[in-house]
1. Nothing charged except the Cβ atoms of Lys and Arg (+1) and of Asp and Glu (-1): what's the magnitude of the dipole of the range 7-131 about its Cα centre? Round to the nearest 20 debye.
2. With runs of 4+ DSSP H residues as the only contributors, calculate the mean residue ellipticity of the chain at 222 nm using -39,500 (n - 2.57) per run, divided by the residue total and rounded to the nearest 500.
3. Just grab the label-to-label distance for Val78 and Asp19, each label 7 Å out from Cα along the Cβ direction, in nm (one decimal).
4. Working out 0.36 nm times the residue gap between Lys60 and Leu34, then minus their Cα-Cα distance, what length gain in nm do you get to one decimal?
5. In degrees between 0 and 90, to the nearest 10, how far off the longest principal axis of the chain does helix 36-58 point, with axes built from Cα atoms?
6. Counting alpha carbon pairs within less than 8 Å and at least 6 residues apart, what relative contact order, in whole percent, applies to the range 36-130?
7. What does the charge count around Thr81 come to, taking other residues whose C-beta lies under 11 Å from its C-beta (Lys +1, Arg +1, Asp -1, Glu -1)?
8. What's the local net charge at Glu13, with K and R +1, D and E -1, over the other residues with C-beta under 14 Å away?
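Each value in this text was obtained by applying a stated rule to the coordinates, not by laboratory testing. Everything numeric in this text was worked out from a predicted model, so none of it was measured. Note: ideal-geometry Cβ built from the backbone for every residue, glycine included; neighbour counts use all protein chains shown.
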Amino acid sequence: MAVRDVEVQFTREFRGVLDTGQTKAAVGMDPGELAPYDMLFAALASCLYATFLDIVNKKKIDFVSAKLTVTGEKRDAVPATLKMVNVKYEIIGSDNEKGLMRSAELAAKYCSVYQTISHVADMSWELSYTK
């Protein structure tokens, strides 16, 4: 991967604008703003799905859509690192259970964000599908 950077410009309060060079998003703790763990969980879901998609495409497994829901819990200790993270895949338009499960397993193995977070948190995933 080429070197990438993002810029987040903050006010004195915790209000910011994330600028990737391609898009911008509001950062903060108010409604309509992305909080730090929102961005971390979105990065995890995005990386995991991109990896999953590469695998299912190579395996020629067809489906219509997917939804990934990331749930996490922080430790009470300081620093409050993640204790556990679960990713729930919901796949629509496929009944290839074996292929989907193997693809999700490989995605967890090869997704760099999943592997990075796994150094501090217990990671798990689950998959459901409907035809």
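1. Working: 15 positive and 16 negative charges, 75 e Å.
Computed about the Cα centre, the dipole is about 360 debye.
2. Value at 222 nm, helices only, nearest 500: -10500 deg cm²/dmol.
3. 3.4 nm
4. Length gained between Lys60 and Leu34: 5.9 nm.
5. The answer is roughly 30 degrees.
6. Relative contact order for the range 36-130 comes out at 34 percent.
7. Around Thr81, the surrounding residues sum to +1.
8. Taking every Cβ under 14 Å from that of Glu13, the sum is 0.
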